[in-house]
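Quick one: this structure, given as structure tokens, is what I'll be asking you about.
The values are calculated or read from the model by the stated rules, or taken from the named source; none is laboratory data. The structure displayed is predicted, hence computed values, not measured ones. Heads up, the Cβs are rebuilt from the backbone with ideal geometry, glycines too, and the neighbour counts pull from every protein chain shown. The protein model used for the area step is the full one, side chains on, heavy atoms only, and it has no ligands, DNA or RNA in it. Shrake-Rupley method; radii C 1.70, N 1.55, O 1.52, S 1.80 Å.
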Amino acid sequence: MPTYAVRAPLVRWLGAEARRARADFGAYRLLDVGCGAKPYRPLFAPFAAEHVGVDAFENPHAELHGSAEDLPVEDASFDVVLCNQVLEHCDDPARAVRELHRVAAPGGRVLVSTHGVMAYHPSPSDYWRWTHAGLEKLLLENGDWSSVRVTPASGTTACLGMIASIYLDLALNRLHVRGLAKPLIAAINTAAGAVDGHSPRLREPGPGTLFANFHVVAEVPR
């Protein structure tokens, strides 16, 4: 998968957060903002009492219809609010963050993932990219949080490998030999992970680093 540097860490992170939420909240209410087909539902199903999806478009998997900037949900009504790979598509990400905060219960948790570096991918729009500092600023300026933690999903080498993989996949697809891309992309992903694994400086934010994706955990005061 060309976007392995985003997808694999996201699954691991969400699985860990699903389990941690059960330990902290018991059987919790989960709001999935921009839920799509709810691809991560199996990670939460063993632990969540309720998994409510909301989407801006007509979607048979969503219980509610509305945008991230105007959630059709009462204040303080969900223990965990999930917003995966949505902020980059929002007209107004600051307003979206305020809405995520508004619907989270006191003592609850907001989980956000979004891009640092990624090729343009309109769905139907694609407006924003962040640094770790910019994403932290966005959260802190648009909610009263007890804590905000922003972490890179994978390292700098994985990010560079992802970009190379995306364009390799596109090039070979245009040559009608896309099948050749799979082993090459797998090799790139494996090599990139090994390099990042041996160099902590490539995994931590700092001058010269690049990150494909970020994971945010924002805690709401009790």
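What residue, of 18, 37, is surrounded by 19 or more Cβ atoms within 10 Å (Cβ to Cβ) and either assigned to a helix (DSSP H, G or I) or in contact with a His (Cβ under 7 Å, 6 or more places away or on another chain) (or both)?
Numbers: 37 fails: surrounded by 19 or more Cβ atoms within 10 Å (Cβ to Cβ).
Exactly one residue qualifies, and that residue is 18.
Can you pull out the residues in segment 130-179 that are assigned to a loop (DSSP other than H, G, I, E, B) and acidic (Asp, Glu)?
Just the residues of segment 130-179 that are assigned to a loop (DSSP other than H, G, I, E, B), to begin with: 130-131, 141-146, 153-155, 175-177.
Passing the criteria: 141, 144.
Moving on to the next point. On the given criteria, is residue 52 of a type in the set (Val, Ile, Thr), surrounded by 17 or more Cβ atoms within 10 Å (Cβ to Cβ) and under 16 Å from the mean Cα position of the chain (by Cα)? So that I can check it myself, show each step before the final result.
Working: of a type in the set (Val, Ile, Thr): yes; surrounded by 17 or more Cβ atoms within 10 Å (Cβ to Cβ): yes; under 16 Å from the mean Cα position of the chain (by Cα): no.
No, not satisfied.
Which condition breaks for residue 114 when tested against (1) over 23 Å from residue 140 (Cβ atoms); (2) surrounded by 22 or more Cβ atoms within 10 Å (Cβ to Cβ)?
Going through (1) over 23 Å from residue 140 (Cβ atoms); (2) surrounded by 22 or more Cβ atoms within 10 Å (Cβ to Cβ) one by one, residue 114 breaks only (1).
Pairs needed: first member in segment 114-143, farther than 24 Å from residue 203 by Cα and touching a residue at least 24 places away in the same chain (Cβ under 8 Å); second member anywhere, open to solvent by 20 Å² or more (accessible area, probe 1.4 Å) and among the basic types (Lys, Arg); C-beta distance under 9 Å; at least 6 residues apart or different chains.
As it stands, the answer is 142/95; 142/98; 143/98; 143/102, since those pairs meet every condition given.
How many residues, within segment 153-180, are open to solvent by less than 60 Å² (accessible area, probe 1.4 Å) and within 26 Å of residue 203 (Cβ to Cβ)?
So the first thing to find is which residues in segment 153-180 are open to solvent by less than 60 Å² (accessible area, probe 1.4 Å), and the list is 153-159, 161-166, 168-169, 171-172, 177, 179.
From what's left, within 26 Å of residue 203 (Cβ to Cβ): 153-159, 161-166, 168-169.
Residues that pass the stated criteria total 15.
Let me ask something else about it. Which ones in segment 180-207 are outside any helix (DSSP H, G or I) and free of Cβ contacts under 8 Å to residues at least 12 places away in the same chain?
Of everything in segment 180-207, those that are outside any helix (DSSP H, G or I) and free of Cβ contacts under 8 Å to residues at least 12 places away in the same chain turn out to be 198, 206, 207.
Table: residues versus (1) in contact with a Cys (Cβ under 8 Å, 6 or more places away or on another chain); (2) at pLDDT below 95.
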site: 146; (1), (2): no, no
site: 153; (1), (2): no, no
site: 163; (1), (2): no, no
site: 193; (1), (2): no, yes
site: 200; (1), (2): no, yes
site: 211; (1), (2): yes, no
site: 217; (1), (2): no, no
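Here's a follow-up. Considering only segment 117-130, how many residues are of a type in the set (A, V, I, L, M) and crowded, with 16+ Cβ neighbours inside 10 Å? Please lay out each step first, then the result.
Initial filter on segment 117-130 (of a type in the set (A, V, I, L, M)): 117-119.
If we keep only those that are crowded, with 16+ Cβ neighbours inside 10 Å as well, we get 117-118.
Looking only at that region, the number is 2.
Sticking with this structure for a sec: For segment 81-111, how many residues are assigned to a helix (DSSP H, G or I), open to solvent by less than 30 Å² (accessible area, probe 1.4 Å) and over 23 Å from residue 158 (Cα atoms)?
Keep residues of segment 81-111 that are assigned to a helix (DSSP H, G or I), which gives 87-89, 93-103.
Next cut, open to solvent by less than 30 Å² (accessible area, probe 1.4 Å) only: 87-88, 93-94, 96-97, 99-100, 103.
Imposing the further condition that a residue be over 23 Å from residue 158 (Cα atoms) reduces the set to 93-94, 96-97, 99-100, 103.
Final tally of qualifying residues: 7.
Restricting the search to segment 1-15, which residues are farther than 27 Å from residue 66 by Cβ and either in contact with a Lys or Arg (Cβ under 7 Å, 6 or more places away or on another chain) or open to solvent by 50 Å² or more (accessible area, probe 1.4 Å) (or both)?
1, 4, 12
Of the numbered conditions (1) over 30 Å from residue 2 (Cα atoms); (2) modelled with pLDDT under 95, residue 121 fails exactly one; give the number of that condition.
For residue 121, the failing item is (1).
Something else: Go through 47, 78 for me and flag whichever is of a type in the set (Phe, Trp, Tyr), over 20 Å from residue 222 (Cα atoms) and either surrounded by fewer than 17 Cβ atoms within 10 Å (Cβ to Cβ) or in contact (Cβ under 8 Å) with a residue 12 or more places away in the chain (or both).
Details: 78 fails: over 20 Å from residue 222 (Cα atoms).
One residue alone meets the criteria, 47.
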